[in-house]
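Worksheet: one structure, shown below.
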Amino acid sequence: MVQVPASEIERVFREEYGRAVAVLIRAFGDIDIAEEAVQDAFTVAARRWPDTGLPPSPAGWIITTAKNRAIDRLRLEASLQDRHAQAALLHERREPLDEGPVKDERLRLIFTCCHPALAQSVQVALTLRLLGGLTTTEIARAFVVPEATMAQRIVRAKNKIRDAGIPYRVPDLPDLAGRLRSALAVLYLIFNEGHTASSGDSLIRGDLCAEAIRLTRVLRELMPGEPEVQGLLALMLLTESRRTSRTTSDGEMILLADQDRSRWDQALITEGQAIVRECLRRNRAGPYQVQAAINAVHSDAPSAANTDWRQVVQLYDQLLAFSPTPVVALNRAVAVAEVEGAAAALALVDALELSEYHLYHAIRADLLSRLGRDAEAAQAYDAALAVATNSAERTFLERARRSLHA
Amino acid sequence: MKQYLLSVYHVEGEPTPAPEAIQEIFKAVDAVNQEIRDAGAWVFAGGLYPHTSATVVNAKNGEVLMTDGPFPEGKEHIGGFWVIQAKDLDEALAWASKATLACQGPVEVRPFEDEPEA
């Protein structure tokens, strides 16, 4: 008797859902039909596999089963004069699934989900739903949006894809760079939402990071020649390596300088650093690669004091050239403080217009307190608290403000 | 092939370009029109007189009312449009990109409802 635990079926679901949906969308030209068929197939699998064991190619089995069930159902509906079903069957006859190894259609689907004609919040939701296999309920909870709102957002997006004719294909070369940027932005946004929870359930948020990394790995597998895909993966891995050390057991934030570096995940660091080195060899830098490189410098350092801050400043100079934003300039100033001192950094920070951003005030406050200007530092912490929403960060800021009087 | 409406919008109160600039726009739009025809994507296109020339006709309870001026909702008015045919939205967006560069105004892309297959 073969034993396949539920966790194993769950793993196959996580890994193969996106691929199966992508293939089925290609076959039937319709997202709803594809999703329903793949979910059907997994339901059958969950019933059958515990007895039969995993088939040699679980993905192939799911896709074949999903396709057969979809065809059966569509034939029935078509015979009842359902025009939609008839159209889907015609589509399937025009674009039959290849026999043999399953072709990977996920790349097309990634570009459909991240199409610039869809709002970014919609791109994120569709990517998690169609490629990640997350339910609408899970996505709504992760982004702290009412479930009805999220459901409506997804339905509207699917309708727009169908009605406006958003294609399922990898964009042509003139569009490719821009479209890839938009796909990478979606993946990074999913990761960041998991990483810097603006609010919400911490367990689901950890899953978001894992899902973003998994999808970025898929994209890297599908577009191995794109250095920015590599850069984004490295950036995620190196950031993720510090996950458990960046908060206390009570969920309070710990600054990079104060983290227990022995708790950083060495396997993730090794993988991330290897990718960064490969990017350096390719020498086709981009903003994600540079951010990954900055993280790699931190991962290399035994302590905050023994960090190669000059190199960090240089990398921020490079990043500013790609993305000349005040937030990048603010982060650069933090590194400048370590090289040239707090006064030089404060001058840079004061020149920025970022008063809506809590970290702007928090960083100013820290620099002011290092310069012994406690009264001004207290005002800056108050300004930070006035705009900060994340509870871990608020706790941290309140404590820092109290310690000024000590 | 799908059909798309590419409408050019004017925002009320925004300054009208100088006559020389308008000539430039006409030339650029003519060039795009030719390109659309050459590609076989042309269905129909036209520029409209200003919105002050519009009349709204509206039936309420079987009675037809006429109102001087444009349909009053909003501050944006359609200034002209293309109807094109394209394989998918990407192709339509590529034409719309050329259109907005030529006419120097925002262009909205909307798909026509599919005709029932014969």
> Of all residues in the stretch A:122-161 being surrounded by fewer than 15 Cβ atoms within 10 Å (Cβ to Cβ) and touching a residue at least 24 places away in the same chain (Cβ under 8 Å), which is farthest from residue A:189 (Cα to Cα)?
Replying inline: A:156
>> I need every pair where a residue in the stretch A:277-301 that is within 26 Å of residue A:178 (Cβ to Cβ) has its Cβ under 6 Å from the Cβ of a residue that is outside any helix (DSSP H, G or I) and small (Gly, Ala, Ser), sequence separation at least 6 or different chains.
In response: A:287/A:323
>> So, in the stretch A:361-398, exactly how many residues are without any contact (Cβ under 8 Å) to a residue 24 or more places away in the chain and of a type in the set (D, E, K, R)?
In response: 6
>> Could you check the stretch A:236-276 and list, in sequence order, the residues that are β-branched (Val, Ile, Thr), touching a residue at least 24 places away in the same chain (Cβ under 8 Å) and in contact with a Ser or Thr (Cβ under 7 Å, 6 or more places away or on another chain)?
In response: A:269
>> Taking the condition of being at pLDDT 95 or above and aromatic (Phe, Trp, Tyr), how many residues in the stretch B:1-54 meet it?
In response: 3
>> So the check is Cβ under 9 Å with 6+ separation or different chains; which pairs have a first residue in the stretch A:36-57 that's touching a residue at least 40 places away in the same chain (Cβ under 8 Å) and a second one that's of a type in the set (Asp, Glu)?
In response: A:49/A:8; A:54/A:8
> For the stretch A:55-89, what are the residues that are more than 15 Å from residue A:20 (Cβ to Cβ) and in a loop (DSSP other than H, G, I, E, B)?
Replying inline: A:56, A:80, A:81, A:82
>> If I filter the stretch B:92-113 for residues that are part of a loop (DSSP other than H, G, I, E, B), within 14 Å of chain A (Cβ to nearest Cβ), free of Cβ contacts under 8 Å to residues at least 12 places away in the same chain and farther than 14 Å from residue B:7 by Cα, do I get at least one hit?
In response: yes
> Is it true that residue A:127 is modelled with pLDDT of 85 or more and more than 14 Å from chain B (Cβ to nearest Cβ)?
Replying inline: yes
>> If a residue counts only when it is more than 22 Å from residue A:209 (Cα to Cα), which helices (runs of 4 or more DSSP H) contained entirely in the stretch A:262-324 have at least 2 such residues?
In response: A:266-282, A:309-322
>> I need a count of the residues in the stretch B:3-32 that are in contact (Cβ under 8 Å) with a residue 24 or more places away in the chain and of a type outside the set (A, V, I, L, M, F, W, C).
In response: 8
>> Can you pull out every residue in the stretch B:62-91 that is part of a helix (DSSP H, G or I), facing another protein chain (nearest Cβ under 8 Å) and among the charged types (D, E, K, R)?
In response: B:90
>> Based on this model, can you work out whether residue B:67 counts as in contact with a strand residue (DSSP E or B) (Cβ under 6 Å, 6 or more places away or on another chain) and over 23 Å from residue B:95 (Cα atoms)?
In response: yes
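Conditions (1) farther than 16 Å from residue A:133 by Cα; (2) buried (at least 17 other Cβ atoms within 10 Å of the Cβ); (3) among the aliphatic types (A, V, I, L, M), marked per residue:
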| residue | (1), (2), (3) |
| --- | --- |
| A:8 | no, no, no |
| A:34 | no, yes, yes |
| A:67 | yes, yes, no |
| A:73 | yes, no, no |
> Do you know which of the residues in the stretch A:131-169 that are in a helix (DSSP H, G or I) and among the β-branched types (Val, Ile, Thr) is nearest to the other protein chains (Cβ to nearest Cβ)?
Replying inline: A:161
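The values are calculated or read from the model by the stated rules, or taken from the named source; none is laboratory data. As the structure is a prediction and not an experimental result, all values here were calculated from the model. All Cβ positions, glycine included, derive from the backbone under ideal geometry; neighbour counts span all protein chains shown.
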